[in-house]
Each structure stands twice: as structure tokens, then as C-alpha cells.
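Scroll down for the structure; my scribbles are underneath it.
Bear in mind these aren't lab numbers, they're just calculated from the coordinates by the rules spelled out. All of these numbers come straight from a predicted model, not from anything done at the bench. Note: ideal-geometry Cβ built from the backbone for every residue, glycine included; neighbour counts use all protein chains shown.
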Amino acid sequence: MRTSMVPLKIIIVLVSMLFLFPEIIISQRKACQLLNDGEFLWLSINDQLNKYNKNTGELLTYNAPGGSLGKDKSGKIWIMKKYGEIYTFDGQNAIPYTIKGLNWKEKHSWVNNSFLVGKNNGKWMGLLFETNNAFLIQFDDLGFNKWNFNTVGSSVSILSMLEDKEGITWFSGYNEISPPWRWTFGRFTKTGGIITYKELQWLSITAIDEDSEGNLWMSTNYNQNLLLIKFDRQHFSYIKDSGSGNHYSLVIDTYNNKWLGNFDGTLTRYDGKQFTTYSHPELTQTIRDLVPDENGYIWILADNKLFCYNPSIDNIQKIDFLLSGEEYFTTNSEHKIYPNPSTHQITITGKNILQVKAYDMSGQFLGKHSENFEKKSVTIELSTLGITTKGYYVLCIEENTSIYHHKIQVKK
């Protein structure tokens with residue numbers, strides 16, 4: 001973990017007045033490969049849709065494609081693949097979705113990986129590339145709208161989209177055609193027009209999110225030590241540090257901390273005063289997606305592996321998966337649990353055990369055992385874990401840099 005104080009260098013630029021919508025909703029991030037859903041996480045791994053139970057560690061893999069994920073206000077999961085194929089998921093099956101009136105026989109090469117499932121303004125898919133043109137598509141069950149970005153090939157890219165709490169849809173990306181680089185950052189008006197902000201035309205904006213006060217925050221991969229951009233709807237503020245400035249993803253948690261997922265696999269937190277960088281020995285690939293949850297965890301997806309920032313130990317932990325259908329599954333050969341099956345007491349051996357939590361097979365928390373210091377072996381009465389009847393249970397074993405899940409059988 002590395003911490004650095006930030007001398008705020010703020011450049012203030014006055015921009016155009018914004019039109020506000022009256023309806024207040026929760027802001028909706030661009031659909032990506034990781035989606036928080038209460039006690040579950042939806043994630044795309046190996047081009048398949050998976051659901052991870054945060055409590056039991058169980059990973060369910062569905063016969064459904066992976067891709068950019070989103071959830072609408074009715075609770076339906078949406079999936080968009082790279083070439084624009086769209087599916088809805090009903091909990092068991094993926095159903096192909098056709099945009100009403102859109103001629104998919106038009107020649108196009110691929111869809112830029114931005115897919116927003118909004119609460120107010122339907123779904124957004126962009127960009128669909130055709131010969132010498134790129135189109136952003138907004139659609140619902142009644143039809144679609146289409147905006148022409150007037151470009152050549154894939155020189156323009158939308159990297160992130162956001163529907164804010166006021167129902168306004170924002171987008172960010174880059175355009176290599178100049179002049180002008182005018183698609184870096186903008187929003188859609190109430191009447192369907194596009195407003196862009198020339199103040200950011202020299203940047204590539206990789207992600208957008210909104211804090212609790214309605215400010216927009218942006219990350220950039222512009223390699224000039226520029227880490228964050230704040231937009232209070234009137235002025236831009238540029239926050240710099242000694243880092244590389246190469247950030248792929250950005251989220252804001254419930255405490256207004258800004259989290260940056262970096263190309264080198266590190267995770268950076270900005271608390272309003274300083275930047276703190278976290279790393280993990282097995283997290284060396286580009287962080288493709290981040291998502292915060294209601295318990296203060298930051299979930300991290302990189303190279304088909306899942307990690308999380310655990311606020312209770314202020315560190316990143318790697319997550320193992322308890323595969324569905326396996327009675328005794330473990331990815332950690334150094335963990336031993338005996339006896340298993342057990343009756344009243346178990347012993348767990350490992351490297352640096354800090355905490356053991358017990359859950360029933362539905363994911364209901366039963367109890368926990370905590371150590372003040374890391375231990376290589378712990379012996380625990382099952383009753384102290386809330387296990388009082390026979391059956392199968394899941395033990396969540398937390399070490400300093402990993403979280404492991406084991407299934408045990410209890411015979412009374």
C-alpha cells in the first residue's frame with residue numbers, strides 16, 4: 001500500500017449552463033463485466049454469464065453468453081456482446097433481443113464496448129460502426145433513436161456512459177480525428193440534442209461516475225500525472241499526483257471515495273485529500289471493471305479473476321470460487337479441515353488465518369470466529385459458529401491476502 005498527499009492544482013473553466021430534469025433517481029453506470037446485485041455479483045468470465053454468492057462463495061455458470069452487463073428497473077439482466085448481439089436473461093435462459101425497426105443487415109464491423117441500461121431513458125448501445133460512419137443507438141421496446149458521429153473506421157470510441165440522478169445521460173471517450181476532438185465528454189439534452197465540452201477535447205476520458213453531491217468525476221489514460229477530473233456542472237477541476245495517470249475504470253463508493261482501476265493491476269483510492277495505492281501479488285493484469293457494494297467492499301475483475309478490497313483489513317484479497325455441485329471443493333492445497341464430516345469440533349490449518357465465518361447453503365450467515373493475530377491452525381467448536389444441526393455448510397476463511405470457501409458436512 002502506498003499513500004501520497006495531493007497538492008490540489010485546480011484549473012477552473014466556466015462552461016455552459018445545464019438543463020436539469022425534475023425526476024430524481026439513482027445514477028446508473030455504464031454496463032460492464034461486473035454487476036453488483038445485493039448478496040450476489042453477476043460477472044462475465046470466459047465469455048459466459050456467472051453469478052457469485054458473496055456469502056457462500058458459490059459460483060453458478062449459466063448457459064448464457066458473457067459480455068457487457070446491465071440491470072433494468074424491473075430486475076431483468078441485459079447482455080451485449082462485442083458485435084452488438086443483445087440478450088435478456090430470465091434467471092435461467094438467455095433470450096436474443098431484437099431492436100424494433102433496426103436493420104441489422106446493414107454492414108457494420110463491431111460495436112464499441114459501451115452499453116448503458118438506464119432507469120429513465122431506455123438502453124444505449126454505442127458505437128455501431130458502418131462504412132465511414134459510427135452510430136450511437138438508444139432503444140426501448142417501442143423502437144430506437146440513432147445519432148451519427150461522422151467518423152471514419154474506429155477512430156472515435158465511447159468508453160463510458162452514465163445516467164445521473166437527474167436522468168441526464170452522459171458519455172465519454174476519445175476521437176483521433178482532428179480538428180475537432182469533440183466527442184471526449186458530453187451529454188444528451190431533453191430534446192435529443194448533444195452538448196459536448198471543448199475543455200476536455202485534449203483528453204481520453206475512460207470512465208465517469210457521480211458522487212452523492214451530484215458532481216461528476218472522470219478518469220483518464222492521458223499520461224501526464226492527471227488522475228481525476230471533477231465537474232460540478234459549471235467548472236472543471238484537474239487533480240494531479242505523481243502517478244502515471246493511466247486508469248481504465250472508476251467508481252465512487254458510499255463514502256464518496258473515488259476508486260481507480262489501473263492498467264498495471266493496482267487499485268488507487270482518493271479520499272478527497274490524498275491518494276492511496278493498493279496492490280496484490282496475483283493482481284498484475286489491467287483492472288477491467290470495479291463495482292462497490294453496500295458493505296464498503298470494492299469488487300475487482302481482472303483477467304477472469306475476482307478480487308475485492310476489504311475495508312475491515314484495508315487490503316485487497318483474492319477470491320476463490322466454490323463451484324456449484326462440488327461437495328468438497330477448495331483451491332487452496334495448504335488448507336486442511338478435519339474431521340470432515342464433523343460432529344462437534346473442527347480444526348483448520350493454513351498460512352495466516354484471521355477469521356472464519358459460517359453460512360448455511362442458502363447463504364444465511366450463522367456465526368464467526370476471529371483471531372487477534374494470524375494463526376496457522378485454529379480449533380473451533382461448531383456451536384460457536386452457529387452450527388447446531390446436521391447438514392452441509394460453507395466456511396469462509398479469511399487470510400490477509402485471500403478469501404477461501406470450503407464446504408463441510410456436519411453429522412450429529
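Label reach from residue 315 (point 7 Å along Cα→C-beta): in the range 359-381, amide nitrogens under 19 Å belong to 369-378.
Quick one: compute a quarter of the convex hull surface over the Cα atoms of the range 255-412 and quote it in nm². Please report the intermediate quantities before stating the final value.
Numbers: hull surface 39.5 nm².
Taking the Cα atoms of the range 255-412, their convex hull projects to 9.9 nm² on average.
Starting from the Cα of residue 411, draw a straight line to each of the aspartates and glutamates and keep only those under 16 Å, dropping any in the same chain fewer than 8 residues away. By straight Cα distance, residue 411 reaches 327, 360, 381.
For the residue pairs 54/368; 73/305; 190/240; 357/407; 336/407; 51/390, the alpha carbons lie more than 23 Å apart in 73/305; 190/240; 51/390.
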